[in-house]
There are 2 protein chains.
Amino acid sequence: MGAKETRENIVEAADVLIYQRGYENTSFADIAGHVRISRGNFYYHFKTKDEILDAVIDERLTATKQILDTWEADAAGPADCVRSFIDILLDNRLDIENYGCPVGTLSTELAKLNHAVQPEANRLFTLFRTWLRRQFTELGSGEDADDLAMHLLARSQGVATLATAYRDEAFVRREVQAMYDWLDDRVLSAPGSIS
Amino acid sequence: MGAKETRENIVEAADVLIYQRGYENTSFADIAGHVRISRGNFYYHFKTKDEILDAVIDERLTATKQILDTWEADAAGPADCVRSFIDILLDNRLDIENYGCPVGTLSTELAKLNHAVQPEANRLFTLFRTWLRRQFTELGSGEDADDLAMHLLARSQGVATLATAYRDEAFVRREVQAMYDWLDDRVLSAPGSIS
DNA sequence: GTCTATAGACGGATAGAC
DNA sequence: GTCTATCCGTCTATAGAC
């Protein structure tokens, strides 16, 4: 097995474990165990735990960019793109109920830890934010586009948090529908309030 | 110093530290250091770390009940009560920017840890939920009261998460205003959609 | 002299780092 | 594979109130 492949396996395992258990509660031994390599081999690829976190964030950034590109390519228009974003809550419902949103929970944990790479992790939020902003701009929201993007980000984060607490599918579906309706208002009417 | 007072000091320090650093990242030594007692003394009052967590959650439940009662006593009516809830985001803005919402972040961390007391922690959410539901019932929302309570809970959780990521005061104020407007729609019009 | 509250040493386990 | 630090938890010792 090549070095590159081993490294990718490590990042992939770390990605999942950090999502499911949180960063601080994921140990080297956990990751090494999942990749089935020795801890010695481990240190050949990553010198510190923070380096792994960096690699995981980079990997998530790359994967997210690719997903957003795909959505944009497949969508009929900007409103359809936004619906793809809203649908995350349904498509990843079970993971979200168990572990929350991977973006929000990592950002919050790193904030509490006062971790140096928190700004890096927040770029994941910004990736969605600028992408959503572009969709709203194309929908004619003008100056409000960024506010609308932030509003929708917040809505989905809140639904994810409560989905984790209550594991209530009906609630998630209701809120997704409410976001659809909210979007339709933005599409059909003049740009304005975000209520 | 009496035993009761020492115990209260421990719970108080643990409450703050668990909020600021997270549960798993708060050690006995941290708490003992803040209370200025030895670790030995510590174990006289609490046998396990989970016992402290339990005590902290109980303390938060009691404190929250008291706050909700105060709000209800001071408010002009149910709409005013809901506004008090929304105002949490402004009143605790700086803490939220640094550490997130104490309810949501603890609930999410315990979910990831698969911790036995997660249901207990979620009772904090339920405390707000049933209280908000009562306000909406009094506002004439009928069957929708619980949905509206959950919706507002989710909105505030989402704003808290993004406030932690971006530390953007203008965003928080915008979203608070949007929730005010949303509430006014519920007060003035017939009960219906939550968009 | 017993009980309560406190202190601090000690143990095994596990962490990250080299 | 080893090293050091730190974790949680248990242990014994002690100081003072009653």
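The values are calculated or read from the model by the stated rules, or taken from the named source; none is laboratory data. Quantities reported herein were computed from a predicted structural model and do not represent experimental measurements. Glycine also receives a Cβ, built like all others from the backbone with ideal geometry; neighbour counts cover every protein chain displayed.
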- Task: Kindly indicate the residue of region B:1-23 that is in contact with a Lys or Arg (Cβ under 9 Å, 6 or more places away or on another chain) and outside any helix (DSSP H, G or I) and also nearest to A:Ala111 (Cα to Cα) among those meeting that condition.
- Result: B:Gly22
- Just a yes or no: is a residue in region B:124-135 more than 19 Å from B:Ile18 (Cβ to Cβ), touching a Pro at 6+ places or on another chain (Cβ under 9 Å) and at pLDDT 95 or above? yes
- Task: Name the residue, out of A:Thr164, A:Thr108, that is over 24 Å from B:Arg173 (Cα atoms) and among the hydroxyl-bearing types (Ser, Thr, Tyr).
- Result: A:Thr164
- Item | Residue in region B:65-76 that is at pLDDT 95 or above, of a type in the set (A, V, I, L, M) and within 14 Å of DNA strand D (Cβ to nearest atom) present | no
- Message: I need the full set of residues from region A:33-45 which are within 8 Å of DNA strand C (Cβ to nearest atom) and either surrounded by 11 or more Cβ atoms within 10 Å (Cβ to Cβ) or within 25 Å of the chain's Cα centre (by Cα) (or both), in order please.
- Response: A:Arg39, A:Phe42, A:Tyr43
- Task: Kindly indicate whether any position in region B:13-21 is within 12 Å of DNA strand D (Cβ to nearest atom), away from chain A (no Cβ under 14 Å) and under 19 Å from B:Gln118 (Cα atoms).
- Result: yes
- Note on the structure: Output for Cβ contacts, cut-off 9 Å, separation at least six or different chains, first residue in contact (Cβ under 8 Å) with a residue 24 or more places away in the chain in region A:21-39, second among the small types (Gly, Ala, Ser) and more than 9 Å from DNA strand C (Cβ to nearest atom), reads A:Gly22/B:Gly22; A:Glu24/B:Gly22; A:Val35/A:Ala13; A:Val35/A:Ala14
- Query: Residues that are more than 14 Å from chain B (Cβ to nearest Cβ) and in contact (Cβ under 8 Å) with a residue 12 or more places away in the chain: which helices (runs of 4 or more DSSP H) entirely in region A:60-131 hold 3 or more of them?
  - Reply: A:78-91
- Message: Quick check on region A:123-133. Is at least one of its residues farther than 25 Å from A:Ile57 by Cβ and crowded, with 21+ Cβ neighbours inside 10 Å?
- Response: no
- Which of the residues belonging to region B:24-49 are near DNA strand D (Cβ under 8 Å from one of its atoms), more than 19 Å from B:Gly104 (Cα to Cα) and either within 14 Å of another protein chain (Cβ to nearest Cβ) or assigned to a helix (DSSP H, G or I) (or both)? B:Ser27, B:Phe28, B:Ala29, B:Asp30, B:Arg39, B:Gly40, B:Phe42, B:Tyr43, B:Tyr44, B:Lys49
- Task: Considering every residue within region A:153-163, establish whether at least one is over 24 Å from B:Val103 (Cα atoms) and in the same structural domain as A:Gly104 (by TED's automatic domain parsing).
- Result: no
